[in-house]
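Some notes on the structure that comes next.
The values are calculated or read from the model by the stated rules, or taken from the named source; none is laboratory data. All values reported here derive from a predicted model rather than from experimental measurement. Please note: Cβ atoms are built from the backbone with ideal geometry, for glycine as well, and neighbour counts cover all protein chains shown.
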Amino acid sequence: MGQSNEDRGDVSALPLTADGTYNRAHMTLFDLLILLLVAGICGALGQAITGFSRGGCLVSIALGFVGAIVGMWLARALGLPELFAIQIGTTHFPIVWSIIGSALFVAVIALLTRRRY
């Protein structure tokens with residue numbers, strides 16, 4: 001009842017490729033690894049900007065993805081364009097907004113978890 005055409009297996013709404021088959025977006029393992037690497041670098045840069053670092057590589061990767069969400073939300077709310085987005089497979093990842101968003105997110109976390117003497 002509430003399913004889309006793609007959920008029911010109907011691919012008529014999907015774009016056709018050059019050989020006449022329907023194009024379903026799939027992310028390869030290599031694309032996922034590159035995306036995790038880029039998100040980790042963006043998260044690490046966000047931590048370095050704020051000067052607050054908790055955790056290691058997995059925390060940086062998570063901060064990169066959270067930063068991309070926060071940064072793009074902020075950009076859309078302010079009516080700003082998407083800056084320096086790279087395409088990894090079929091996924092667009094906003095580098096600048098990810099760094100800005102992760103820095104803002106880490107700054108908020110630092111304010112909430114600072115030590116009180």
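Observations on the model:
- Leu58 without any contact (Cβ under 8 Å) to a residue 12 or more places away in the chain and either crowded, with 19+ Cβ neighbours inside 10 Å or not in a helix (DSSP H, G or I) (or both): no
- Annotation: of all residues in segment 67-87 being buried (at least 20 other Cβ atoms within 10 Å of the Cβ) and within 15 Å of Gly40 (Cβ to Cβ), the one that is nearest to the chain's Cα centre (by Cα) is Ala68.
- Identity of the residue in segment 89-103, surrounded by fewer than 19 Cβ atoms within 10 Å (Cβ to Cβ) and in contact with a helix residue (DSSP H, G or I) (Cβ under 9 Å, 6 or more places away or on another chain), that ends up farthest from Val38 (Cα to Cα): Thr90
- Unmet criterion (only one of (1) modelled with pLDDT of 85 or more; (2) surrounded by fewer than 17 Cβ atoms within 10 Å (Cβ to Cβ); (3) in contact with a Pro (Cβ under 8 Å, 6 or more places away or on another chain); (4) of a type outside the set (Gly, Ala, Ser)) for Tyr22: (1)
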